[in-house]
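Here is the structure we will look at.
The values are calculated or read from the model by the stated rules, or taken from the named source; none is laboratory data. In this text the structure is predicted, and so the values were computed from the model without any measurement. So basically every Cβ, Gly included, is an ideal-geometry build from the backbone, and we count neighbours across all protein chains shown.
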Amino acid sequence: MKAVIVREHGGFDKLLIEDLPRPQIRPDEVLIAVKAAGINHLDLWVRKGVPGHKFPLPMILGTDIAGVVAEVGSLVTNAKVGDRVAVMPGFAQPTSDEALSGNIHLARDYGIFGETRNGGCAEFMDAPAVNLMPMPDWMSFTDAAACPLVFLTAYTMLRKANVQPGETVLMHAAGSGVTSAGIQIARMFGATVITTAGSDEKLAKAKALGADYGINYRTHDFVEEAKKIAGRAGVDVVFDHIGPDTFAGNIKVLKWGGRLVTCGSTSGGEVPLNLRAVFFKRISIIGSTMGPKADQLAVWKLLCNRKLTPVVDRVFPVRDVAAAHEYVEWRKAFGKVVLDLERW
């Protein structure tokens with residue numbers, strides 16, 4: 001089978017398309033004929049490398065996957081050949097204490113397809129049957145592949161931040177996959193949404209998704225603008241995955257008792273932190289990565305019932321995977337970039 005594989009870290013030239021053996025499934029797994037794969041920043045990190053972190057290379061990329069069941073293991077009862085499915089991106093030993101208590105994402109052996117185990121940017125992918133999510137007939141493979149990781153991440157972040165109706169949420173990077181999902185979810189929770197972006201075009205798209213206000217961070221100070229909107233006290237919640245470039249402003253813009261929830265730090269890993277501001281303002285800083293399966297199923301149901309909408313910016317043939325990575329890395333996208341796995 002053909003697959004996109006990274007054998008060593010580096011630039012776009014490290015994205016290799018090779019012929020590899022088709023995976024052999026275990027009794028509790030299925031083989032999926034992959035039709036579409038969404039690109040996440042995780043794919044970029046696996047390709048480029050992260051200082052201090054070791055990825056188990058070589059690795060077939062691809063965390064967000066949609067396709068058709070091609071083969072089922074002897075113990076599988078929840079799927080049959082021909083089923084259209086998306087794949088939950090996270091996995092762990094299902095009998096661990098964390099998994100049995102409903103918090104599989106907290107298990108020490110928790111992993112993600114395309115990061116700790118071969119992903120689905122290939123003609124075929126093996127996956128545990130417990131990770132399958134049936135697709136409604138109307139949903140395209142492209143839309144399905146745009147959803148699992150970012151909607152799970154955004155849903156869990158906002159739930160952990162305990163967003164309440166009538167609260168104001170400041171959400172950075174409107175054009176990112178996770179924020180384009182989060183805008184919709186925050187509005188569904190009844191919050192007022194302020195979002196930031198580096199262009200007025202992206203802000204217009206964010207408002208079309210449901211954002212109430214937009215701030216162009218290239219031309220305006222987001223702290224001052226957000227306080228003009230929310231009041232001088234500040235916002236209730238900040239939704240962030242930028243890191244150092246926004247952290248100091250995030251602390252300033254939060255009202256007393258506010259919550260900062262973060263799932264990433266694309267601008268670096270170290271931030272200046274004045275602890276006096278944290279305890280005097282009674283601020284909660286909440287870290288969030290992925291989420292429990294209950295959240296994944298809840299947000300997938302909302303997508304299947306058209307309460308939430310996949311946001312796809314562009315679809316690339318898989319043969320143009322390097323161009324797709326460049327498009328994401330240079331922040332050209334609004335929402336998700338998806339690879340068409342039928343165009344090699």
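Let's see how each residue does on (1) among the small types (Gly, Ala, Ser); (2) assigned by TED's automatic domain parsing to the domain that holds Ser96; (3) touching a Pro at 6+ places or on another chain (Cβ under 8 Å); (4) crowded, with 24+ Cβ neighbours inside 10 Å:
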residue	(1), (2), (3), (4)
Ala107	yes, yes, no, no
Gly111	yes, yes, no, no
Arg117	no, yes, no, no
Asp126	no, yes, yes, no
Val130	no, yes, yes, no
Asp143	no, yes, yes, no
Met157	no, no, no, yes
Ala161	yes, no, no, yes
Gly166	yes, no, no, no
> Is it the case that Leu16 is farther than 20 Å from Val321 by Cα and surrounded by fewer than 19 Cβ atoms within 10 Å (Cβ to Cβ)?
Replying inline: no
>> Residues that are under 21 Å from the mean Cα position of the chain (by Cα), under 29 Å from Cys263 (Cβ atoms) and in contact (Cβ under 8 Å) with a residue 40 or more places away in the chain, at least 1 per element: which strands (runs of 3 or more DSSP E) completely within the range 6-117 meet that?
In response: 29-39, 64-72, 84-87
> Taking Asp240, is it within 30 Å of Leu132 (Cα to Cα), surrounded by 16 or more Cβ atoms within 10 Å (Cβ to Cβ) and not assigned by TED's automatic domain parsing to the domain that holds Thr156?
Replying inline: no
>> Can you confirm whether Arg232 is in a loop (DSSP other than H, G, I, E, B), under 18 Å from Val169 (Cα atoms) and touching a Phe, Trp or Tyr at 6+ places or on another chain (Cβ under 7 Å)?
In response: no
>> Here is a list: Val193, Val223. Which entry is of a type outside the set (S, T, N, Q) and within 25 Å of Cys147 (Cα to Cα)?
In response: Val193
> Within the range 207-225, can one find any residue that is closer than 18 Å to Gln164 by Cα, surrounded by fewer than 17 Cβ atoms within 10 Å (Cβ to Cβ) and in contact with a Leu (Cβ under 9 Å, 6 or more places away or on another chain)?
Replying inline: no
